Each structure stands twice: as structure tokens, then as C-alpha cells.
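In what follows, a structure is listed as C-alpha cells, so that the remarks can point back to it.
Derivation of every value follows stated rules applied to the coordinates shown; laboratory data play no part. All values reported here derive from a predicted model rather than from experimental measurement. Because the Cβ atoms are built from the backbone with ideal geometry, glycine has one as well, and the counts that use them run over all protein chains shown.
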Amino acid sequence: MRRLLPRLTALLLVAAGLISAQSDNATLAAEPIFELPKLTVNEPADLPELERWHYTRLDSFEILACGNERDIRKLLVDFQKFRQAVKLVWPVPIKPLAASTLLLCGEKGRYDAFLPADLRDSESPLPSLFLRNREQIAIVVDLQTTRVSILDPMATLNAASSAAEYEVDHYRQLYREYVHYLLSQSEARPPAWLKEGLAQIIMDVELTDRSLIYGKINTFKGDVSGVSPLEPGEDADAAAPTAVVGERPFNAVLQTRRLMPLGEFFAVDPDSEIARSPLGNNLWAKQAYAFVHYCMFGANLRHKEALITFVGRLAQEPLSEELFKECFKTGYKGMVDELNGYLRHTRHKYQQYNLQATDRLTPASIELTEASAGLVGLLKGDALQLAGHPEAAYTEYRNAYRRGARDAALLAGLSATVPNSEMAAKFTDEAVKAGANRPSAFVRQARNRLAVFKADPGPDGKLTQQQLAAVLSPLFKARSLPPPLPELYETIAETWALSSVSPKPEHLAVLDEGVRRFPRDSALLHQTSLLYQRIGNTDTAAAIARLGLRYAADEAAKAQFNSLLSLLPTTAGLK
């Protein structure tokens, strides 16, 4: 089995190299005025009662939890064992972030505050969330809810029913969101079907203290023409419309259901309702599981190379059946026929790993302390900001600040959410002075300085050497902190473009680094190409422009790069 690991590694490297996520803040309403740097607050003394949360830490995760302490400890012990075991089948290194938060909501009403606005009225409620921007992540799990009602007929286990209740497994939900974290590590996003298929495969690992079994599926026995996916031999029409269902293997779920046409299946967007609500044995989600599992473990592994090639080419080419045929040597109909055969007889080669005996966590070894006001405000504020609720995040940060918290990360959170721009700049400076570990704070400081200098430039209308240095200084500090941010490199490029001092090639080396890290950032590539043209290096300017043209996401960006290339020698960058 271990001979399969190199090819699995290659597939996961492709998957992990095709991921990205972004988060934007909304504009806030006016709020009471803060005065800094004295850090005094002119507000009434009354404050809402501080919510009681438990706090602990597991490696890079800071954890807030409420509810039954015994259940929390058991869940965290299992989570840690799962994370350690997944390293065997997920050989891609995890990149450090500025902050990673886990919120376990075991009391009524705590979870609802973190639901993004577009999910609050969803007919397919989510019992867990994965929230992130480039700098930080938050996983939020609703421990209070044990069942959810799923109303979409396409998403229910019983296709003849208009509704079903889904039994929530909090352990699996936490697994799912951690897999989403692993899949979010790199720049480009993978296809939704690949994310869901890999997530379900890893969620279904069989894990004990001694071994890890990866990719194993039990064959579902029975006559495919007469077996209901509810129970073998059970009449689906006679089933109660609100029957409680749990997760079932894809071969059990799909045997009596017509598969989605592959063109429609592959085209599902990661942000669509069906992809964001994969619970209840959702047809599309189970088909994603079946297709990825078949390619990775079935058919004597003959489709594994094809899957790797297909995913890699989809990063650069539009989806088409012709592309699919080139990779898999069969069309959509042929693959559906193969999948239907796989559902009846799931012959596959799974993998088993022996686990080394190590000191493992026990529930008793997890220390849950009462979270301080500063920790509650910071971790809740961060998660609310990631969920797209900047006003609520600001309230959490501000209340913690009013209770005396002065942590650098809290000041950074205030600087990102306070509605008054002058106060935001002062909070940014205070966060930097306090030693913030968030690169975005240093980028905000640089952007604030650049805005001031653009309004009052040197005699020639450009930034002076002193102004240039004042902007670049926090940017290079940000560069020393994880993770790398595209806006860091964008601001360096803009600053050099506005400077009266022409950059030298060694000055632009940092932008080469940004281009390598963010080849899909059209604004960065365009400005970097212009800077190389400015110093007479037309070969590099043309090479970067051609790279930008290759990855440009829209026609406007393509037009920009084509216009720039038309000004350069036709042979530039082609050596």
C-alpha cells in the first residue's frame, strides 16, 4: 500500500495548489469618538455582561468553547488525534497564518451570530462553518444542534421525499472544516467537486490508536434495481418524510439514483447553495465523493494519473468534454457508465498505515480555563469579521478594549473595523507599536502613510526619498511575518511607481517574489511590468506581461497586458 503514497502526494499537491479564499469588510456606521494615543474612551460606563467561555490552545489553534466540559474535552482529544493522523495522508506542509481560531458553541444562540448574512435564511442550515481571509481562519461548530431539517429534495437522502432530518455528527463536521482549512492553503481555488470529494474521503478515514485506514468503502450488497438507499429492501415511498438519516456511503446512496450529467456536475460553483450545503447525503456531494474515490482508489488505479492531469489543466483551461476525453480517454457518458458499475461493485485498493506509539492527549489533560474579556473580544471579533459582520466585530473589540484589553491583535482588529478613518489610523499605529504579528496591520500603516504623502508630495509631484522610505519600512516588516499578502506587494509596486527615485533591479527583486507567489494578481503583474519597462529591462517587462495575460481573469485585464506588450519589442522576453 505504501507504494501508492507518491501518486497520492502528487494529487494532494495539485489540490492544495489550487485553492484560495478572500474576505472583504463592509462600511460601518458612525460611532462614538476614541482619542488616541492616550487610549482613553469617552463613553458611558455600562457594559453588557461578559459571556462565559472556556479557553484552551492546541498547537496553533486558539479555542473558545461553551457547553458541557466533558463533551468539549472528548471532542478536542479526537480532533487532535485526527489532525496528527491526517499528516500521513496529507503530505503538503501547512503554511502558518497570523491567527487560527476554533469556536465550539454548545449553548443556545451562540452559534447563530457567526452565520454569514447569505446563510442565515438558508433552507439547508449548516451546523459548522469555515471562515477565512488570507491572514487568518476560524472554524465554528454548533454543538447545540443535533438534527437539521433539509428541505431541498435534491439534497435529501430519500429522493421521493420533500424533507428529511439529518443527524449531525459534530466530530465529522469538525473533520470537514479542518479539511477545508487544508484545502485553503494555496492561491487558486480547486473545482468544487474536487474539494468535496477529497473532504469526504478524508472525513471517512478509519482511525484507531494503532492504525489509519484511508479510502476504504464497504461494498453495498443487493439488487440495484430494487434496493432503497434508506435500508436494503425498504420501500422508499413508504418511508416517513421526516425520517432521521445520517451519513451513508456513496455506493449505498447513489445505487437507486440517477447521477447528475457530468457537464452539470463539474460546473457546480464553490459558492453555490448546493456546494455550500453538502449535508443530508446531497446527490451532488455524494457523486463528488464517488467520482474522486473511483479515480483515486478504483479501476486498478488507471484513472489516478488522468485525475491529476485533469485538475492541473482545469487551472488554466475552461472545462469541456473534449478536455475530459483527452485526460480520461472516455467521454461523459462512458464515465457515468463506469461509475454506475462502481456503485454496484466497489472494487478498490485502499491504504493502511500503522501509527507510531506516541503520548496522546486524554480528556483529563486538556485544561479549560475561563476566557478573559480580552480573549473573548479578540477571538469572537476575529470570527465575526471573517463572517462578514464588521459592525458586530467592532462591538466585540471595543467592549474588550473598554474592559482594559490592550493586546496588539485586538488593536489591529479595531484598526480594521473602527468606522472613523482618523481613529483607524491611530489604532493601526498603536497596534504596530505594541508588536502586532498581523502583516495586514503593517500594510494598513503603509497605506495610511502613502495616502498622506500623495496629498502632499515633493516639489515634482512625486514621493520624496524620505516619503518613499517611510512607506516601504512597514511593508518590509509585514514581509517578515506570515502569511504573505498580495496587497503588500501591490503597495510596494504602487509606491515605487509614485516615487521620484527610479528603482534599481535589486529593488524590484521583492516584486519578483510577489509575482511568483500571486501570478493571478493582474494589478500587481501589470504595475511590476511597467516598473521594469521604466528602468529599461524590456525582457523582464514582457515576460511578466505575458504571464499576466495567461492568468488574466477578465477582458479588461487582458486588454491592459496586450496594450503594454504592444509598446515593447516583439522579441522581448522570448529568449
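Testing the spin-label approximation: label points 7 Å from Cα along Cα→Cβ at residue 264 and residue 112. State their distance in nm.
Between residue 264 and residue 112, the label points sit 3.5 nm apart.
Loop-only check: which trypsin sites (Lys or Arg not before Pro) in segment 340-386 are DSSP coil with at most 14 other Cβ within 10 angstrom? Before the final figure, lay out the partial values.
Working: sites: 344, 347, 349, 360, 380; in loops: 347, 349, 360.
Sparse-neighbourhood loop trypsin sites (Lys or Arg not before Pro): 347, 349, 360.
Classify segment 410-538 as rounded, prolate or oblate, taking a ≥ b ≥ c as the square roots of the eigenvalues of its Cα gyration tensor: rounded when a/c is under 1.5, otherwise prolate if a/b is larger than b/c and oblate if not. Mind showing how you got there, number by number?
On the way: a/c = 2.22, a/b = 1.41, b/c = 1.58.
Here segment 410-538 falls in the oblate category.
Taking neighbour Cβ counts within 10 Å as the exposure measure, how do 499, 566 sort from fewest upward?
On the way: 499 22, 566 9.
Result, fewest neighbours first: 566, 499.
Quick one: which of 439-447, 476-484 comes out on top by average Cβ neighbours within 10 Å, and what's the full order, highest first? Write down the numbers at each step before the final one.
Values: 439-447: 25.0, 476-484: 16.4.
Averaged packing, sorted descending, gives the order 439-447, 476-484.
Arranged by the count of other C-beta atoms within 10 angstrom, fewest first, what order do 361, 450 take?
Values: 361 16, 450 21.
Sorted ascending by nearby Cβ count, the order is 361, 450.
Which links in 216/286; 87/195; 304/558 stretch past 27 Å when you go from one Cα to the other?
On the way: 216/286 15 Å; 87/195 17 Å; 304/558 34 Å.
Table pairs above 27 Å Cα-Cα are 304/558.
If I stretch the segment between residue 94 and residue 121 completely, what's the gain in nm (0.36 nm per residue apart, minus their alpha carbon distance), one decimal?
Working: separation 27, 0.36 × 27 = 9.72 nm, distance 3.40 nm.
Gain on stretching residue 94 to residue 121: 6.3 nm.
Pulled fully out, how much extra length does the chain show between residue 504 and residue 87, if you take 0.36 nm times their separation in residues and subtract their Cα-Cα distance? Could the numbers behind the result be given before it?
Working: separation 417, 0.36 × 417 = 150.12 nm, distance 4.33 nm.
Full extension from residue 504 to residue 87 adds 145.8 nm.
As a test, work out the antiparallel percent of DSSP beta bridges whose residues both lie in segment 51-102, rounded to the nearest 5. Spell out each step's value before the answer.
Working: 5 of 8 bridges.
So the antiparallel bridges amount to about 60 percent of the total.
Can you work out the FRET efficiency for the pair residue 534 and residue 391, with r the C-beta to C-beta distance and R0 = 60 Å, to the nearest 0.05?
Details: r = 43 Å, r/R0 = 0.71.
Plugging the Cβ-Cβ distance into 1/(1 + (r/R0)^6) gives 0.90.
Quick check on segment 278-426: what are the equivalent-ellipsoid semi-axes from the Cα gyration tensor, as sqrt(5λ), descending, whole Å? Walk me through the numbers on the way to the answer.
Values: eigenvalues 488, 126, 40 Å².
Rounded to whole Å, the semi-axes are 49, 25, 14.
Order the peptides 168-180, 77-89, 552-564, 385-397 from the highest to the lowest mean number of other Cβ atoms within 10 Å of their residues. Numbers along the way, then the final one.
Working: 168-180: 20.5, 77-89: 17.6, 552-564: 14.5, 385-397: 22.1.
Output ranking for 168-180, 77-89, 552-564, 385-397: 385-397, 168-180, 77-89, 552-564.
At R0 = 60 Å, how high is the FRET efficiency between residue 469 and residue 272 if r is their beta carbon distance? Nearest 0.05 is fine. Walk me through the numbers on the way to the answer.
Working: r = 47 Å, r/R0 = 0.79.
In this case the efficiency is close to 0.80.
What dipole magnitude, in Debye to the nearest 20, does segment 492-572 give about its Cα centre under +1 on Lys/Arg Cβ and -1 on Asp/Glu Cβ? Intermediate results must be reported in sequence, preceding the final value.
Details: 8 positive and 8 negative charges, 26 e Å.
Computed about the Cα centre, the dipole is about 120 debye.
Could you name the lysines in cross-link range of residue 504, using Cα to Cα under 25 Å and dropping any fewer than eight places away on the same chain?
454, 462, 477, 575
Kindly rank 196-206, 327-337 from highest to lowest mean number of other beta carbons found within 10 Å of each residue.
On the way: 196-206: 21.9, 327-337: 15.9.
Packing order, densest peptide first, comes out as 196-206, 327-337.
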